[in-house]
Amino acid sequence: MSILVDENSRVLVQGITGREGMARTKLMVEYGTNVVAGCTPGKGNQTVLEVPVYDTVQEARENVPEINTSVIFVPAPLVKNAALEAIAAGIKLLVLVPDRVPIYDVLEIAHAAKEADAQFLGPNTLGMLSVDKGVLGMMGGRAQTAKQWFKKGNVGVTSRSGGITSSIGYYLSKSGVGLSSIVHVGGDVIVGMPHPEIVKKFQDDPETEAVVMFGEIGTSQEEQVADLIENGEFTKPLIAFIGGAAAKSGTRFSHAGAIVEGNRGTHASKVKRLKEVGVHIVDNFDDIPQVTREVLQTLN
């Protein structure tokens, strides 16, 4: 078992004939993901890496009815229509890779997803990777790199930064700590599956024994994770690093969703709340592997 992608995933790539779509389809296919169809309006009746391409999502599902996941590589202004099309066709998991998706578009997608009992990762995400099972999005860049960097194990990673997601996975693996799944929740203010949703999935994953979380200033994602722990909804060890310690009010730190406004979403408030519920806070990013190893030793 893993989270979000496994041997039962049947993946559609929307925008498969574009430059990014083709490149990332190559990554996903070569890593072992079951990419079974692509979709680009007006580009039907061709193939990309032997993957059949259809004009619409509905047409793709009529021909390949087992599709249950869509990864979207289209320009930001087109993401809403692409996502709504996938949801309307009955696809239950979407990965919205592009950044700069208008916030009101994301709200519409979120409403449609809730009505259809669907979920989406992103927008503004590299996606996710379950080791030796599959990639959704662009995690790792190339299949060969992903296979070299990320080694199989029992630690999950959830991060608000794409680059940091890969870095944590790489340094944990290099230090001998293997991974179950690594997830970039997305860097925007509103995302489909923020930290709390991902840690709940790790809670239900028998292959994950502990989780590393990279948080940032802005939003209340990390505090919501603390609430889950306090309520007994997440019981596995959590190691956390919170970026943006030096950021002042009104400062944006790296991502659109990482901004301090007044006393809300500050580094200090997040660290304080997480410590209250027993999270292992790491002050120095380089210490994440060592602290994770120490936590895992206590489980044996």
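Data table
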quantity	calculated
Nearest-20 debye value, segment 1-117 charge dipole, Cβ charges on Lys, Arg, Asp, Glu	260
The chain, helix-only ellipticity at 222 nm - DSSP H runs n ≥ 4, -39,500 (n - 2.57), divided by all residues, nearest 500	-10000 deg cm²/dmol
For segment 143-204: relative contact order, % (alpha-carbon pairs under 8 angstrom, 6 or more apart)	36
Segment Lys272-Lys114, extension gain: residue separation times 0.36 nm, minus the distance between their alpha carbons	53.7 nm
The chain pair-distance distribution - Cα-Cα, 20 Å bins, rounded %	36, 56, 8
Protection proxy ranking, peptides 143-152, 115-124, average beta carbon neighbours within 10 Å, highest first	115-124, 143-152
Local electrostatic count, Ala113, Cβ distance below 15 Å [Lys/Arg +1, Asp/Glu -1]	-3
Computed lengthening from Asn63 to Lys43, 0.36 nm per intervening residue step minus Cα-Cα distance	5.6 nm
Residue-by-residue Karplus 3J(HN,Hα) for segment 56-61, coefficients 6.51, -1.76, 1.60, Hz, glycine and proline x	9, 5, 4, 4, 4, 6
Assigned charges on the beta-carbon of Lys, Arg, Asp, Glu; the chain dipole about Cα centre (debye)	700
Rough spin-label spacing in nm, given labels placed 7 Å along Cα→Cβ, for Asp283 and Ser175	1.7
Nearest-20 debye value, segment 150-297 charge dipole, Cβ charges on Lys, Arg, Asp, Glu	320
Amide H partners (placed H, <5 Å) of Val48, local residues excluded	Val53
Convex hull (Cα only) mean projected area of segment 33-127, reported in nm² to one decimal	5.8
Label point distance in nm, Leu107-Asp204, each placed 7 Å from Cα along Cα→Cβ	2.8
DSSP-defined beta bridges in the chain - what % are antiparallel, rounded to 5	25
Residue-span extension gain [Asp6 to Glu20] - 0.36 nm each, minus C-alpha spacing	2.8 nm
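Only the coordinates and a few stated rules stand behind these numbers; no lab work does. The structure displayed is predicted, hence computed values, not measured ones. Neighbour counts run over all protein chains shown; Cβ positions are idealised from the backbone, glycine included.
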